[in-house]
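So the structure is just underneath, and the comments pick up after that.
What follows draws every value from the coordinates through simple rules; no lab data is involved. As the structure is a prediction and not an experimental result, all values here were calculated from the model. Ideal geometry is used to build each Cβ from the backbone, glycine not excepted, and the neighbour counts take in all protein chains shown.
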Amino acid sequence: MKEQLKLVAKLQEVDRLLNRLGKALEELRSQGLSDDEIHSISLELEQIAEGKDEMKTRIRQDLLNYYQRFYKRHHDKAVAKLSGGVCLNCFVTVPSAKALRVRRAEEIEYCENCGSILIWDEEQDEEKKKDK
Ligand SMILES: [Zn+2]
């Protein structure tokens with residue numbers, strides 16, 4: 001399950017990137033960028049989109065469905081990190097039993113407040129290690 005959750009978090013990053021690049025391209029177009037340049041950027045966008053499709057085939061269907069539904073409704077906050085017991089999307093503390101389950105990553109866990117898919121923030125473990 002952990003790998004699955006990592007994949008879906010990655011998918012969200014790609015979606016965000018595509019979104020941003022798409023908007024940037026629109027802007028460049030309105031500023032009169034040459035067709036050649038626009039064409040090469042579009043090709044890159046297509047490549048990213050293809051990589052995304054490949055990624056989607058590796059994600060469990062139920063997880064992917066949830067992600068896609070949620071992403072459409074709330075834009076780019078379908079997957080949220082859980083750090084210090086707090087959902088980094090809505091900043092509400094989740095029950096500690098749930099936090100433990102998120103850490104184990106055996107099942108998909110959702111934030112009860114905002115509905116995001118929760119993933120464990122591994123950076124917080126790194127920081128703890130450094131403190132010692
Ligand atoms: Zn939340």
Subject >> Anisotropy class of the chain from Cα gyration tensor, a/c 1.5 cut >> reply: prolate
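Give me the net charge of VAL94's neighbourhood, meaning all other residues with Cβ under 10 Å from the Cβ of VAL94; Lys, Arg count +1, Asp, Glu -1.
Details: positive: LYS98, ARG101; negative: GLU109, GLU112.
Every neighbour counted, the sum reads 0.
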**OP:** For TYR110, enumerate residues with amide H under 5 Å from its amide H, sequence gap 5+ or separate chain, H modeled in the peptide plane.
**Re:** LEU118
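Could you calculate the contour length gain from GLU54 to LEU18, that is, 0.36 nm times the residue separation minus the distance between their Cα atoms, to one decimal place in nm? Provide the component values of the computation, followed by the final result.
Numbers: separation 36, 0.36 × 36 = 12.96 nm, distance 1.49 nm.
Answer, rounded to one decimal: 11.5 nm.
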Subject >> In degrees, nearest ten, helix 35-56 long axis to first principal axis of the chain (Cα) >> reply: 30 degrees
Subject >> Greater than 18 Å apart at Cα, pairs in LYS2/LYS56; LYS23/LYS81; LYS10/LYS98; LYS81/LYS130 >> reply: LYS23/LYS81; LYS10/LYS98; LYS81/LYS130
Subject >> Value of relative contact order over region 1-120, rounded to a whole percent, pairs C-alpha under 8 Å and six or more apart >> reply: 28 percent
Subject >> Residue exposure sequence - LEU5, LEU25, LEU18 - by fewest surrounding Cβ within 10 Å >> reply: LEU18, LEU25, LEU5
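For a footprinting-style exposure proxy, rank ILE108, ILE48, ILE119 by other Cβ within 10 Å, fewest first. Could the numbers behind the result be given before it?
On the way: ILE108 19, ILE48 13, ILE119 22.
Ordered from fewest to most neighbouring Cβ atoms within 10 Å, ILE108, ILE48, ILE119 come out as ILE48, ILE108, ILE119.
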**OP:** Could you point to the residue in LEU88, SER34, LEU100 farthest towards the positive end of the chain's charge dipole, with +1 and -1 charges on the Cβ of Lys/Arg and Asp/Glu respectively?
**Re:** LEU100
**OP:** Using DSSP to define loop residues, name the chymotrypsin sites (Phe, Trp or Tyr not before Pro) in region 33-132 whose beta-carbon has at most 12 other beta-carbon atoms within 10 Å.
**Re:** PHE91
